[in-house]
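The values are calculated or read from the model by the stated rules, or taken from the named source; none is laboratory data. Everything quoted here is computed from the prediction, not taken from an experiment. Cβ atoms come from the backbone with ideal geometry, glycine included; neighbour counts cover every protein chain shown. Surface areas here come from the heavy atoms of the whole protein model, side chains and all, with no ligands, DNA or RNA. Shrake-Rupley method; radii C 1.70, N 1.55, O 1.52, S 1.80 Å.
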Amino acid sequence: MKRISFAAIICCLTSLYAIDTQAIDRSRTGGTPAQPAPANKFDPTKLPGQDGLGSLGVSPDPFLPSGIYNPFPTLPGVNPSGTPSGGQNLAVPNPQSYPGTNSPENRIRIQGPTQQYIPPGGTNDPTSSRWRLGILSRDTEHGVKIYEIVNGSAAQRAGLEVEDLIVAVQGYQVGIVNGVIYELSKEFERHADQNGNVSMLVQDHRTRSLMNLSVQLDSRFSTIRGSLTLNGSNSGDLDRNAIVTVELQEIVRQGAAPLTIARKEISNPRQYPVNFELQYDPAQVSSLGEYVLVANLIRNGRASHKTIQSYTVNNQGNGSGRPLAMRLDPVRPTYDDTPAHIDESARVATIVRWFNEYLGRPPSDRELSVWLSALDRGYTLKQVQLELLGHNQFFNRCDRDKEVYVRRVHELLVGQQPNSDQLEYWIGRYDALGGIRRDIASEFQDAVGIR
């Protein structure tokens, strides 16, 4: 009886050992042993450097669980109490951004060494890159770190050095803020004044101290300055609804439409001369290209004046130092696109009709003979008409008045009286040609399309 009991005890102990061995093997192959939780459970809030979370930021990071780390890291060399390594009493930059936004209005202004921040000025378009500091940099959670300084740039003139850290522009933090990148160039566009002046908060890489630095940025554009005068009989005050446009164009090739590099529009100019400033990116101007400056005066949706003379601009920004004086000349009126054809088969009848309409009398036998002989030698009817329109007798019938002359020629060649714009143009051309009636009649023929 005693032996049986002892054997049973041995079997029980062997079974328990086997069961425990299987449990250990299952734990190695992924099983979960039933063990009690340790008393010192891992707590991420107890990590070193996580003290004072409530004083460093009040908005949770949108990308990581709350309380894991400090979303607003302390700048190198600046302790949380606000005293930098250099001993200067300074509050730690403390931006606040709402998750998913990228608007400067959603960031709290940084409290820097002084409170004398210039309020954001100007209405610069943030989509255009007008200003340039002249650095190669990288966005970090501490700010924008400088890796290279361009010689002769605004950064070099301001005394910035490699490894310096740009923390804020005009009081708004730059770099990676709460997981969102706030670009340095965009802040320049928002806050720099019209002369490129802006204030930056910079950490010196040598002393780790923070300082306010006023910088005048370099413009990315060259400027062409000039004035526009209005040529014509009514070149006084401009219409209220007039628009003046100035364009820098590249002549790609002869016969092809020019390519506009830059354009300036001046609405409602009151009087002439009209002063203008046209900015363009010199990187778009090649030393091998051909560039011209053109201007138009638009009235009621139609160009009434434009520059006839070509104003050449080279790749060095010709005109940025000395203002250009440009003249707007009236645009030649447009008429029916169908050319007017003179019937050569009825040459005698055509000449007789012109003598009666233009000079008020029929041609003499000698005059008719002379003109027919000239036609046989290669003269054209178009040239005959031109000579008659410039004839002194025709001008006498117009009372020797340029406006009456212009109206009469317009009525004979176009078939109707000119409107105010057309009359203004042709009188202006009459004056520009020095009253040479043959030349003005020739321009009339070209405008109508007489061949």
Could you tell me whether any residue of the range 178-185 is closer than 24 Å to ARG130 by Cβ and modelled with pLDDT under 90? yes
Provide a single number: the residues in the range 195-227 that are open to solvent by 40 Å² or more (accessible area, probe 1.4 Å) and part of a loop (DSSP other than H, G, I, E, B). 7
Among residues of the range 399-425, those that are within 23 Å of HIS341 (Cβ to Cβ) and surrounded by 12 or more Cβ atoms within 10 Å (Cβ to Cβ), counted: 9
Condition check for GLN156: open to solvent by 30 Å² or more (accessible area, probe 1.4 Å), modelled with pLDDT of 90 or more and more than 26 Å from the chain's Cα centre (by Cα): yes
Tell me, which residue of the range 265-291 that is open to solvent by 80 Å² or more (accessible area, probe 1.4 Å) and closer than 18 Å to ARG220 by Cβ is modelled with the highest pLDDT? GLU277
Take the conditions in a strand (DSSP E or B) and either on the phi < 0 side of the Ramachandran plot or basic (Lys, Arg) (or both) and apply them to VAL162. Does it pass? no
So which pairs qualify, if the first residue must be in the range 413-435 and closer than 19 Å to GLY449 by Cα, the second must be among the hydrophobic types (A, V, I, L, M, F, W, C) and surrounded by fewer than 20 Cβ atoms within 10 Å (Cβ to Cβ), the Cβ gap must be under 8 Å, and the two must be at least 6 apart or on different chains? LEU413/ALA340; LEU413/VAL448; LEU413/ILE450; VAL414/VAL448; TYR425/VAL331
With respect to ILE224, is the statement that it is free of Cβ contacts under 8 Å to residues at least 60 places away in the same chain and of a type in the set (A, V, I, L, M) true? no
Got at least one residue in the range 292-304 being surrounded by 15 or more Cβ atoms within 10 Å (Cβ to Cβ), without any contact (Cβ under 8 Å) to a residue 60 or more places away in the chain and part of a loop (DSSP other than H, G, I, E, B)? no
From the set of residues in the range 374-389 that are touching a residue at least 40 places away in the same chain (Cβ under 8 Å) and crowded, with 18+ Cβ neighbours inside 10 Å, which is farthest from GLY449 (Cα to Cα)? LEU389
Test TYR425 against the criterion of being modelled with pLDDT of 90 or more and among the hydroxyl-bearing types (Ser, Thr, Tyr), and give yes or no. no
The listed residue being part of a strand (DSSP E or B) and among the basic types (Lys, Arg), out of ARG327, ARG322, ARG253, ARG353: ARG327
Considering (1) of a type in the set (Phe, Trp, Tyr); (2) closer than 30 Å to LEU297 by Cα; (3) not in a helix (DSSP H, G or I), say which one TYR379 fails and leave the rest. (2)
Please tell me if GLY179 is surrounded by fewer than 16 Cβ atoms within 10 Å (Cβ to Cβ) and in contact (Cβ under 8 Å) with a residue 24 or more places away in the chain. yes
If we keep only residues of the range 362-373 that are over 19 Å from ALA441 (Cβ atoms) and without any contact (Cβ under 8 Å) to a residue 24 or more places away in the chain, then the residue most open to solvent (accessible area, probe 1.4 Å) is ARG366
What are the residues in the range 160-174 that are open to solvent by less than 10 Å² (accessible area, probe 1.4 Å) and under 25 Å from the mean Cα position of the chain (by Cα), if any? VAL169, GLN170, VAL174
